[in-house]
Amino acid sequence: MMILPILNYPDKRLRTKAKHVDVVDKTIQTLIKDMFETMYAKDGIGLAATQVDQHLQVVVIDVPDSQDDYQFLLKNCQKDSHKQPQKHHPLCFINPKIKEKDGQEKHIEGCLSVLDFQAGVQRSNHIKVEALNEKGEVFTLQATGLLAICIQHELDHLKGILFIDYLSKLKQKRLLEKTKKMIKG
């Protein structure tokens with residue numbers, strides 16, 4: 001397994017629409033393993049193949065066990081700490097489709113491709129998603145809360161959408177200016 005480079009906003013490749021995976025073969029399975037390795041190395045809870053410049057409909061997710069663990073990650077993901085939140089729910093979604101969604105919840109989101117920025121985004125708090133797993137088997141999953149939010153966030157990546165696209169044009173402009181300054185150093 002290897003850690004893959006993650007594309008950072010405003011890289012235009014993040015806007016690429018991912019292609020349908022026709023066959024779940026060893027190449028796709030290796031990509032999935034590398035994506036999990038990359039996500040864990042960067043203290044993320046979700047990663048879409050688009051973010052690692054592989055424009056295929058593949059997403060990996062591993063949400064923390066509790067909301068407390070998630071809040072810990074948001075506050076400490078860039079800091080050294082001895083406390084590690086529990087993660088043990090790795091999920092892989094290939095060719096995912098949301099079949100149902102309802103309810104609304106505003107949630108603070110961050111992204112491995114949008115450095116040093118978090119914002120509240122309104123999303124459905126209950127979804128039903130259908131996908132293939134890493135063995136190519138069809139499964140359906142009902143998700144609520146953080147898992148539902150994370151799935152929607154990652155599936156947006158497959159469409160070339162970033163969570164910042166839900167923000168006002170003014171906030172998007174300020175983020176772009178801040179990011180360009182950070183890139184210039």
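Here are the criteria: (1) modelled with pLDDT under 95; (2) within 14 Å of the chain's Cα centre (by Cα); (3) charged (D, E, K, R). Tell me which single one LYS159 does not satisfy.
Going through the list (1) modelled with pLDDT under 95; (2) within 14 Å of the chain's Cα centre (by Cα); (3) charged (D, E, K, R), LYS159 breaks only (1).
Here is a list of conditions, (1) farther than 20 Å from LEU147 by Cβ; (2) at pLDDT 95 or above; (3) in a strand (DSSP E or B), and ASP22 meets all of them except one; can you say which number that is?
If we test ASP22 against (1) farther than 20 Å from LEU147 by Cβ; (2) at pLDDT 95 or above; (3) in a strand (DSSP E or B), just (3) comes out false.
Among the residues of segment 73-93, are any among the hydroxyl-bearing types (Ser, Thr, Tyr) and modelled with pLDDT of 95 or more?
No, segment 73-93 contains no residue that is among the hydroxyl-bearing types (Ser, Thr, Tyr) and modelled with pLDDT of 95 or more.
Would you check if LEU141 is touching a residue at least 24 places away in the same chain (Cβ under 8 Å), assigned to a strand (DSSP E or B) and out of contact with any strand residue (DSSP E or B) (no Cβ under 9 Å at 6 or more places or on another chain)?
no
Cβ-Cβ distance below 8 Å, separation of 6 or more or different chains: which pairs start in segment 94-115 with a residue that is under 15 Å from LEU7 (Cβ atoms) and among the β-branched types (Val, Ile, Thr) and end on one that is surrounded by 15 or more Cβ atoms within 10 Å (Cβ to Cβ) and modelled with pLDDT of 95 or more?
VAL114/ASN8; VAL114/TYR9; VAL114/LEU162; VAL114/PHE163; VAL114/ILE164
Cβ contacts < 7 Å: first residue of a type in the set (A, V, I, L, M), restricted to segment 32-44; second residue surrounded by fewer than 16 Cβ atoms within 10 Å (Cβ to Cβ), any location; separation 6+ or different chain. Result?
Here the result reads ALA41/ILE3, each pair linking segment 32-44 to a residue that is surrounded by fewer than 16 Cβ atoms within 10 Å (Cβ to Cβ).
With the structure loaded, tell me whether GLU109 is of a type in the set (D, E, K, R) and touching a His at 6+ places or on another chain (Cβ under 8 Å) or whether it fails that test.
yes
Which residue, of VAL114, VAL138, VAL129, is hydrophobic (A, V, I, L, M, F, W, C), exposed (fewer than 15 other Cβ atoms within 10 Å of the Cβ) and under 26 Å from ILE32 (Cα atoms)?
Just one listed residue meets the conditions, VAL138.
When the residues of segment 146-160 are narrowed to those that are in contact (Cβ under 8 Å) with a residue 60 or more places away in the chain and touching a Lys or Arg at 6+ places or on another chain (Cβ under 9 Å), which ends up surrounded by the fewest Cβ atoms within 10 Å (Cβ to Cβ)?
Top of the filtered list is LYS159.
The values are calculated or read from the model by the stated rules, or taken from the named source; none is laboratory data. Only a predicted model underlies this, so the values are computations on that prediction, with no experimental measurement involved. We place every Cβ from the backbone using ideal geometry, glycine too, and count neighbours over all the protein chains shown.
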